[in-house]
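One structure is given below, encoded as structure tokens.
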Amino acid sequence: MTQSFEFGGQQFEIAGEAALYWRAQDALLVSDLHLEKASAFALYGQMLPPYDSVSTLQDIAALCSKYSPVKIISLGDNFHDDDGEQRLAKSAAALLVDLTRDTEWIWITGNHDRTVSGKWGGKAFDELTLSGITLRHEALGGDPNPEISGHFHPKFRQVLRGRMVKRRCFVKTPRKMIMPAFGALTGGLDVQDVAIIKACDLADGEGVEALVPMQSGYARFALNKTGTLAK
Amino acid sequence: MHLSDPDPKPIVNLPPIILDWFAARGWQPRRHQLEMIEAARDGRHALLVAATGAGKTLAGFLPSLKDLIDAPSDGLHTLYISPLKALATDVRRNLLIPIEEMGLPIRVEARTGDTPSDRKARQRVKPPHILLTTPESLSLLLSHEDSVHMLATLKRVIVDEVHAFANGKRGDLLSLSLARLQTLAPKLQRVALSATVADPDDYRAWLAPYGDMDQVRLVEGETAAAPDLTILLPEGRVPWAGHSGHHAIPQLMDEIGRNKITLIFCNTRFLAEFIFQKLWDANEQKFAIGIHHGSLSVEARRKVEGAMAEGKLRALVCTASLDLGVDWGNVDCVIQMGAPKGSSRLLQRIGRSNHRMDEPSKAILVPGNRFEYLEAQAAFDAVTEGVRDGETFRPGSYDVLAQHVMGLACAGPFDEAELLAEIQSALPYSGVDAASFARVIAFIATGGYALKAYDRFKKLVKDPDGRWRLSHPQFAAQHRFNAGIIVDAPMLEIRFRNGRKLGKVEETFAATLSPGNCFTFAGMALEVESIKDLDLIVRAATKPANNIPSYMGARLPLTTHLAGRVRQMLTDRPGWARFPDEVREWLEMQAYRSQIPKAGQLLVETFPHDKRYYMVAYPFEGWNAHQSLGMLITRRMESRGLMPMGFVASDYALGVWSLKPITDPRPLFSADILADEFVDWVEQSYLLKRAFREVAVISGLVERQHPGKRKTGRQVTFSTDLIYDVLRKYEPDHLLLEAAWADARARLTDVGRLGDLLDRAADTMLHVDLERVSPLAVPLLVMIGRESVAQGSVDDALLMEAESLASIAMTP
């Protein structure tokens, strides 16, 4: 059981179930918020509970009270679709306005929301490099520099002693870090899926591990070169 | 077949063509067949209760045939509804033969999920005289605008095997459809066919408009000969534990050899695979033995059913998948592996053999342990006395109502008050008031949330004339695609690389497999090649398989009726004389070392064992209730500092162990546990999430996953668990949470029986403090399936344990 870890020469801490706290930058990192996912489905007749944005933003606000970060960086797929910003209901919008006012809020844009207008505050970037670590939505093959990304929604899924344990998780290699989805209604992709190991773009001798958050600290699991959990 | 009934024959005029047909076969119409015609002539609804083999199906159809002969007409005359798709096809054959032999110009067609859509469309324009269908297909038919015209001519509706589904969600759906049919064809006669049930009045009320059972005439068939039932003791021994009865395999082989065709019923799919395997290992005579259960692919099941129909098999190992339906007249022996769990189900299974009324059916019970022996004996007595289990009817579910109302909206605009009056005529929904109905409509229209976020996206809108209608025809297509009542656990399809499908396993089981692992399925040893998306690709295994898939499914609980009998048998000491020596000595030892509870007493024993303190209670209320009780009691023990470690539940008893002794069990069994600990526990447990998943799919909140229509690449399927979490946090009073709660209470926790148990616990408890484990407690304590008590977060503990394994594995 470990509290914090090193990546790209920097110290990080897993914050809550799906966020990272970057001490040197005093930044909270989240990914794949998929705000207004429920209303995107409602458009097509699936009336999912219209509380996902509020729930997601309240969870971020709770982490803010704990860490009081200067920056919040959201690594793309911030809104479930391009119109999501327009659909944001009053209560959720008010929360977001507070958050973007009280912190230096950075939107990295993703494949779901190719643009963010900044209507509710914050600044938008395609990608951003801080202290030599590149922050982008989807892992880029062939980039030799340390990188933190999202997009794949990795999830740990194992039967342990006859009980199915499912939980969002982080994927970490010496150069790449893939964050889980933070949004309240975002599902996950099995961390053993081949798409994830491909995105890790492993060089010779590099290992991959899944970091699974627990109530305090996290558990580490090694992944094979094929992406399956080492047994 | 001759009429041996002394009752005066009812006076009805059968058309000569029907009488001639009976005569040509050397038959006479039976009394109940004539009474069904009489009921139809008198314009009455009718419930026919008769044993299998009594000519029930023909009795249901005869009035329709008579009607169509006496007054030939165009248009749909009769709807026949069966709970099984395969049965509808089977009956089609059985009905078509008389029609053909009588040379009647009557058109009969089937309409199920397998019927091509062009034929379905044609049926709505040019309907047959008799349409054979299922509750789900009927519901879908009602969602088409042109069905109104098609169904206006309907005279009779026949519901077959009504005992098998009336009190569940499919029964809810059908009761709503019947109400609709009655509106479209006001003179419609409702007919239901049922196996023998404990209380036919329950079913008369269910069938009748407004629950008015006096409108439904009860017609009873002749009673079948009492079955020839025996209890088989494995090599004369009754094991302490286990459920499988697999020690009896050599004797089973003897029975298979002795009979023409043997059906072997198992209570779970897991057990069916296990027994099949054991039989095959012992099959020196090379008998043709097959396997049949609900997770095999349709192709595999049809193949086995075909082999049975042609008489190619000597034995078939099966599960509840064969409780109903397909009649194979040549089965001459039925074997029940493990405990029968209820007398009605057992009778139904016995009825699968020998369909001649005048000869006894042969059936053998194979109990797996000593308690199961008592249960088998109780079932034996019940069957001998002809006593059935009572059925519980509960109010209709809101998720089914939402599906029905959406279906009707697809057929055309409706008036809210008129539709409410119609659905109130269905007994399960008679208690729905205007406010609740408005909630259901709001749910369909916008999700029914307090936060009116989706008013712009309404699925239903109100016309200027005040009627509700669909806002876009696209929603009708969506509804028809997703409608249905059966919601499976997430499953993976097992197939060979060449595409041949074998069946399905649950995701939870598949998650334990990796390439190279072997398991047994459909009686074959299979090796996992790869797991892709929702497919489990396999090949024939080259090494032995030691793993069999298990399925969550609903566990069949011991019925209240049989539980009462087992309790009674324990207290009746002179009655022990007929038990095998081992069982009798076991009970006598219990009386000597501990106590045997008197009638109405709840025995609770406490004793130290293996450095822990045990408490074992014997309520006989079924696994579900005991499992729930175990969860609740250990919570309470924890808050009282008794340091519980774990518990184990069976259909008969509950055992709990802790680090500190329980000196007085009474406070642990007090009824307030249902108020204080219950809600808290259910909300956090997987039970409510499982129930929520089902209501979310049935009500149309989330779309079903259809095989072949998978999203590619990233998994975008919806986890209803996430929706549940958000909803519980922000709108705990939502209609669907209410519906999930109702399901969890009724089906998953058996809270009714738990409540009864706790109500009488305080007054009837017989607490015996012992120095060591009692004989009665042994079968429970050697059971597998123990639960450890959640200390803090179980998942975290499991992760930490697994992590350390992973690190060890990584160290060179």
Restricting to segment B:444-461, name every residue that is facing another protein chain (nearest Cβ under 8 Å) and assigned to a helix (DSSP H, G or I). B:Thr446, B:Phe457
Within segment A:1-47, the residues that are without any contact (Cβ under 8 Å) to a residue 24 or more places away in the chain, in a loop (DSSP other than H, G, I, E, B) and over 18 Å from the mean Cα position of the chain (by Cα) are A:Leu43, A:Tyr44, A:Gly45, A:Gln46, A:Met47
Determine, yes or no, whether A:His153 is touching a residue at least 40 places away in the same chain (Cβ under 8 Å), buried (at least 22 other Cβ atoms within 10 Å of the Cβ), under 18 Å from the mean Cα position of the chain (by Cα) and within 11 Å of chain B (Cβ to nearest Cβ). yes
Considering only segment B:482-538, state which residues are among the acidic types (Asp, Glu) and closer than 30 Å to A:Tyr44 by Cα. B:Asp488, B:Glu493, B:Glu506, B:Glu507, B:Asp533, B:Asp535
Collect the residues in segment B:436-458 that are in contact (Cβ under 8 Å) with a residue 40 or more places away in the chain and within 15 Å of B:Ser699 (Cβ to Cβ), keeping them in residue-number order. B:Arg439, B:Val440, B:Phe443, B:Ile444, B:Gly447, B:Gly448, B:Tyr449
Scope segment B:214-261; condition of a type in the set (D, E, K, R), in a loop (DSSP other than H, G, I, E, B) and in contact with a Lys or Arg (Cβ under 9 Å, 6 or more places away or on another chain); matching residues: B:Glu222, B:Lys260
Residue check, B:Leu188 in contact with a helix residue (DSSP H, G or I) (Cβ under 7 Å, 6 or more places away or on another chain) and either among the hydroxyl-bearing types (Ser, Thr, Tyr) or crowded, with 17+ Cβ neighbours inside 10 Å (or both): yes
Of the residues in segment B:40-61, those that are hydrophobic (A, V, I, L, M, F, W, C) and buried (at least 23 other Cβ atoms within 10 Å of the Cβ) number 7
Any chance you could count how many residues in segment A:48-90 are part of a helix (DSSP H, G or I), of a type outside the set (D, E, K, R) and in contact with a Gly (Cβ under 8 Å, 6 or more places away or on another chain)? 3
What about B:Met637, is it within 18 Å of B:Tyr614 (Cα to Cα), at pLDDT below 85 and of a type outside the set (Val, Ile, Thr)? no
Whether any residue in segment B:126-149 is surrounded by fewer than 17 Cβ atoms within 10 Å (Cβ to Cβ) and more than 21 Å from B:Phe414 (Cα to Cα) is what I want to check. yes
Residue ID - farthest from the other protein chains (Cβ to nearest Cβ), chosen from residues in segment B:425-435 that are assigned to a helix (DSSP H, G or I) and in contact (Cβ under 8 Å) with a residue 12 or more places away in the chain: B:Leu427
Sole miss for A:Glu138 among (1) crowded, with 16+ Cβ neighbours inside 10 Å; (2) in a loop (DSSP other than H, G, I, E, B); (3) facing chain B (nearest Cβ under 10 Å); (4) in contact (Cβ under 8 Å) with a residue 60 or more places away in the chain is condition (3)
Residue among A:Val171, A:Val116, A:Val159 that alone is within 10 Å of chain B (Cβ to nearest Cβ) and of a type in the set (Val, Ile, Thr): A:Val159
Just checking, which of B:Val794, B:Val768 is farther than 21 Å from B:Pro619 by Cα and either touching a Ser or Thr at 6+ places or on another chain (Cβ under 8 Å) or at pLDDT 85 or above (or both)? B:Val794
Breaking point among (1) touching a Pro at 6+ places or on another chain (Cβ under 7 Å); (2) surrounded by fewer than 18 Cβ atoms within 10 Å (Cβ to Cβ); (3) under 25 Å from B:Asp281 (Cβ atoms); (4) not charged (D, E, K, R), for B:Val528: (2)
Give me a count of the residues in segment B:206-263 that are more than 30 Å from B:Leu193 (Cα to Cα), within 27 Å of the chain's Cα centre (by Cα) and of a type in the set (Phe, Trp, Tyr). 0
Specify the residue that is surrounded by the most Cβ atoms within 10 Å (Cβ to Cβ); the eligible residues are those in segment B:637-660 that are outside any strand (DSSP E or B) and touching a residue at least 60 places away in the same chain (Cβ under 8 Å). B:Tyr652
Please go through segment B:736-783 and give me each residue that is charged (D, E, K, R), closer than 30 Å to A:Pro49 by Cβ and in a helix (DSSP H, G or I), ordered by number. B:Glu738, B:Asp743, B:Arg745, B:Arg747
Could you please give the count of residues in segment B:462-475 that are buried (at least 18 other Cβ atoms within 10 Å of the Cβ) and more than 9 Å from chain A (Cβ to nearest Cβ)? 2
Hey, can you tell me all the residues within segment A:29-67 that are closer than 23 Å to A:Pro154 by Cβ, of a type in the set (Ser, Thr, Tyr) and either touching a Lys or Arg at 6+ places or on another chain (Cβ under 6 Å) or crowded, with 24+ Cβ neighbours inside 10 Å (or both)? A:Ser31, A:Ser53, A:Thr56
Take segment B:169-185 and flag every residue that is out of contact with any helix residue (DSSP H, G or I) (no Cβ under 6 Å at 6 or more places or on another chain) and either of a type in the set (Lys, Arg) or over 20 Å from B:Asp212 (Cα atoms) (or both). B:Arg180
Mind listing just one residue for me: the one in segment A:104-128 that is β-branched (Val, Ile, Thr) and surrounded by 13 or more Cβ atoms within 10 Å (Cβ to Cβ) and, of those, farthest from the chain's Cα centre (by Cα)? A:Val116
Could you list, in sequence order, the residues of segment B:476-517 that are of a type in the set (Val, Ile, Thr), over 30 Å from B:Ser397 (Cα atoms) and at the interface with chain A (Cβ under 10 Å from one of its Cβ atoms)? B:Thr512
Scanning for something out of contact with any Ser or Thr (no Cβ under 8 Å at 6 or more places or on another chain) and part of a strand (DSSP E or B), does segment B:375-394 turn up at least one residue? no
Take the conditions assigned to a loop (DSSP other than H, G, I, E, B), farther than 26 Å from B:Glu235 by Cβ and at pLDDT below 95 and apply them to B:Pro557. Does it pass? yes
Does A:Ala184 satisfy the criteria of being surrounded by fewer than 19 Cβ atoms within 10 Å (Cβ to Cβ) and of a type in the set (A, V, I, L, M)? no
What do you reckon, is B:Phe620 over 29 Å from the mean Cα position of the chain (by Cα) and touching a residue at least 12 places away in the same chain (Cβ under 8 Å)? no
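The values are calculated or read from the model by the stated rules, or taken from the named source; none is laboratory data. These figures come from a predicted structure and were not determined experimentally. Because the Cβ atoms are built from the backbone with ideal geometry, glycine has one as well, and the counts that use them run over all protein chains shown.
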